[in-house]
Amino acid sequence: MTTSDTGRTAPGRRPRTGRRESPDERADRRWGDLLQEVRVAQTGSQVLFGFLLSVVFMPRFTELNAFDRGLYVSTVVLGALATGALTAPVAYHRIFAGHLLKPQLVDSAARLVAIGLVLLAVTIGSAVLLLLRVATGSALAGWIAGGVVLWFATCWLILPVQKLRRHNGHCTRPPRETYLTLGQPPPHDGEPVRK
C-alpha cells in the first residue's frame, strides 16, 4: 500500500496498483474529471460564439456574397450547437441531482461533451474558412480550413486512439491472479473474483 503523503510504498508491501473505489466513488471521480475537461472547451466555445454573434453588426458584413453569408449562418448555428452540447452537463446535473443516478449522469454528459467537441472543431474550421475567404479571397482558404479540421481530428482523436491501441495489451496492472497468490484482494473493477 502506498502512503498518502509521499506516494512511496510502505516497507514490506508491494506498490498498490489500480483503484479501490465503490461505483459511487468512481462516478464522483469521473464527474470531477469530466468537469475539469469541459471547462476548457466551454470557455473556447463561448468566446468563439460571442465573437461570431458580433460579426453581423460590422459594416463589412453587408459586402459578403451569398456563399459567405450562408457560411456565416452555418458557423453561428454550429457554434450555438457546440455551446449547447458543452454546457449540457450543467442542466443534466441539475435534473439528475438527488436521484442517485450519478453513473448515468456521467455517461450521458460524457457523450454530449464528445458531440460538443466535434461540433466545436467543425465550428472552428468553418470560422477559419469564413475568415480566410473574406481576408484573402483565395481558393486556398478551403484547403487551409480543411487542414485545420484535420489537425483537430489528429490531436483530439487519431493520436489518443493510436496511443490507446499501442498501450492495449500492455497494462501496467498485474493480472487478478497475482493478487490472489499474494493474498491481497484485487482492485474492484466490476468483475467477480474467481478463485
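The values are calculated or read from the model by the stated rules, or taken from the named source; none is laboratory data. Just so it is clear, the structure is predicted and the values come from calculations on it, not from any experiment. Please note: Cβ atoms are built from the backbone with ideal geometry, for glycine as well, and neighbour counts cover all protein chains shown. Side chains are part of the model used for accessible areas, which takes the heavy atoms of the whole protein and leaves out ligands, DNA and RNA. Shrake-Rupley method; radii C 1.70, N 1.55, O 1.52, S 1.80 Å.
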*asked:* Go through (1) under 21 Å from the mean Cα position of the chain (by Cα); (2) over 18 Å from VAL122 (Cβ atoms) for GLY44 and report which single condition fails.
replied: (2)
_Subset of the range 93-146 (residues that are over 20 Å from VAL47 (Cβ atoms) and among the polar types (S, T, N, Q))_ = GLN104, SER108, THR136, SER138
*Would you mind stating whether LEU64 is touching a helix residue (DSSP H, G or I) at 6+ places or on another chain (Cβ under 9 Å) and either exposed (fewer than 15 other Cβ atoms within 10 Å of the Cβ) or closer than 20 Å to TRP151 by Cβ (or both)?*
no
*In the range 115-130, the residues that are touching a helix residue (DSSP H, G or I) at 6+ places or on another chain (Cβ under 8 Å) and either farther than 19 Å from VAL55 by Cα or open to solvent by 40 Å² or more (accessible area, probe 1.4 Å) (or both)*: ILE115, GLY116, LEU117, LEU119, ALA121, VAL122, ILE124
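Counting only residues that are more than 30 Å from GLU25 (Cα to Cα) and touching a Gly at 6+ places or on another chain (Cβ under 9 Å), how many does the range 80-109 have?
Residues meeting the conditions: 1.
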*Just name the residue that is farthest from the chain's Cα centre (by Cα) out of those in the range 50-61 that are surrounded by fewer than 17 Cβ atoms within 10 Å (Cβ to Cβ) and among the aliphatic types (A, V, I, L, M).*
MET58
*Name the pairs: first residue in the range 137-155 and open to solvent by 60 Å² or more (accessible area, probe 1.4 Å), second residue modelled with pLDDT under 95, Cβ to Cβ under 6 Å, at least 6 apart or on different chains?*
ILE144/LEU132
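A quick yes/no check of all residues on (1) under 30 Å from SER22 (Cβ atoms); (2) at pLDDT below 90; (3) hydroxyl-bearing (Ser, Thr, Tyr):
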residue	(1), (2), (3)
PHE67	no, no, no
SER74	no, no, yes
LEU81	no, no, no
GLY84	no, no, no
PRO89	yes, yes, no
ARG94	yes, yes, no
GLY116	yes, no, no
LEU119	no, no, no
GLY125	no, no, no
*asked:* Given the criterion open to solvent by 80 Å² or more (accessible area, probe 1.4 Å) and either part of a helix (DSSP H, G or I) or at positive phi (or both), identify the matching residue among VAL77, VAL38, VAL47.
replied: VAL47
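For the subset of the range 80-98 comprising residues that are open to solvent by 30 Å² or more (accessible area, probe 1.4 Å) and more than 18 Å from GLY32 (Cα to Cα), which member is farthest from the chain's Cα centre (by Cα)?
Taking the candidates together, the pick is ALA80.
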*Residues (assigned to a helix (DSSP H, G or I) and in contact with a helix residue (DSSP H, G or I) (Cβ under 9 Å, 6 or more places away or on another chain)) located in the range 137-146*: LEU140, ALA141, GLY142, ILE144, ALA145, GLY146
